[in-house]
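Everything on this sheet refers to the single structure shown next.
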Amino acid sequence: MIGVGPVVGSALAIGAFLVPVARHRSQQLSIQNSRRQSVPELVDLLRLAVGAGLSVHQVVDVVEPHSPEVFASTLAEVRRRVALGQRFGDALDAFDELGEPVRPLVATLRSAAFDGVALGPALERVAADARLQRRRWAEINARKLPVQLLFPLVLCILPAFGLLAIVPLVMTSLSSLRW
């Protein structure tokens, strides 16, 4: 059996622990990012349903089959809760686990369900805010890109440039210095 040193063994143990954690975190960030990107589409679908004359209680039934994939299960849960007899405004608690990106939308739907607030104009404001927020997130991600590209630049492109451009020049210069 091949012996493994304590440094290599501990590095492997740490790696075995950190890889699943990093993978899970990456998946969660990906899901959260797709939710942020999909909120305006969900709001637009709700606006279309309201514009077609549907009430706040009917929009989820119509929008759920056409909604972005990241919201389909939550909308199905809202429909299930309403079918079991829960009030629509209370059934919207299923959205609470989705976090910050959907809070304005949920607040608008709740106020329409409980207080009778006109849903059309409120959804227009939520849609404008959601698009603005999506644009801000895109700008933030664009600002992070140079930092993220620094690692491949330093480790891949610069050494390749050195090997292709500088090393031949040095070799030619050294060969011309020989007597």
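Can you find a residue that is of a type outside the set (D, E, K, R), open to solvent by less than 80 Å² (accessible area, probe 1.4 Å) and touching a residue at least 12 places away in the same chain (Cβ under 8 Å) anywhere in the range 135-149? Break it down stepwise before answering.
Kept after step one, since they are of a type outside the set (D, E, K, R), are these residues of the range 135-149: 137-138, 140-142, 145-149.
Add one more test, that the residue is open to solvent by less than 80 Å² (accessible area, probe 1.4 Å), and what stays is 137-138, 140-142.
From what is left, the residues that are touching a residue at least 12 places away in the same chain (Cβ under 8 Å) are 137.
Yes.
Here is a yes/no grid of residues against (1) modelled with pLDDT of 90 or more; (2) not hydroxyl-bearing (Ser, Thr, Tyr):
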{"position": "111", "(1), (2)": "yes, no"}
{"position": "116", "(1), (2)": "no, yes"}
{"position": "124", "(1), (2)": "yes, yes"}
{"position": "131", "(1), (2)": "yes, yes"}
{"position": "140", "(1), (2)": "yes, yes"}
{"position": "156", "(1), (2)": "no, yes"}
{"position": "167", "(1), (2)": "no, yes"}
{"position": "174", "(1), (2)": "no, yes"}
{"position": "178", "(1), (2)": "no, yes"}
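Over 25 Å from residue 83 (Cβ atoms), of a type in the set (Gly, Ala, Ser) and open to solvent by 40 Å² or more (accessible area, probe 1.4 Å): is that true of residue 30 in this structure? Break it down into steps so the answer makes sense when it comes.
Details: over 25 Å from residue 83 (Cβ atoms): yes; of a type in the set (Gly, Ala, Ser): yes; open to solvent by 40 Å² or more (accessible area, probe 1.4 Å): yes.
Answer is yes for this residue.
In summary, residue 126 fulfils each of the numbered conditions (1) free of Cβ contacts under 8 Å to residues at least 60 places away in the same chain; (2) in contact with a Ser or Thr (Cβ under 6 Å, 6 or more places away or on another chain) with the single exception of condition (1).
In the set (1) surrounded by 12 or more Cβ atoms within 10 Å (Cβ to Cβ); (2) without any contact (Cβ under 8 Å) to a residue 40 or more places away in the chain, the condition left unmet by residue 18 is number (1).
Could you tell me how many of the residues in the range 43-55 are in a helix (DSSP H, G or I), among the aliphatic types (A, V, I, L, M) and surrounded by 16 or more Cβ atoms within 10 Å (Cβ to Cβ)? Give the steps one after another, and end with the answer.
Going residue by residue through the range 43-55, those that are in a helix (DSSP H, G or I) are 43-51.
Applying the additional criterion that residues be among the aliphatic types (A, V, I, L, M) yields 43, 45-46, 48-50.
If we keep only those that are surrounded by 16 or more Cβ atoms within 10 Å (Cβ to Cβ) too, we end up with 43, 45-46, 49-50.
Summing the residues that are in a helix (DSSP H, G or I), among the aliphatic types (A, V, I, L, M) and surrounded by 16 or more Cβ atoms within 10 Å (Cβ to Cβ) in the range 43-55 gives 5.
The values are calculated or read from the model by the stated rules, or taken from the named source; none is laboratory data. Just so it is clear, the model here is predicted, and its values are computed rather than measured. All Cβ positions, even for glycine, are placed from backbone atoms using ideal geometry, and neighbour counts span all protein chains on display. SASA here: full protein model, heavy atoms, side chains in, ligands and nucleic acids out. Shrake-Rupley method; radii C 1.70, N 1.55, O 1.52, S 1.80 Å.
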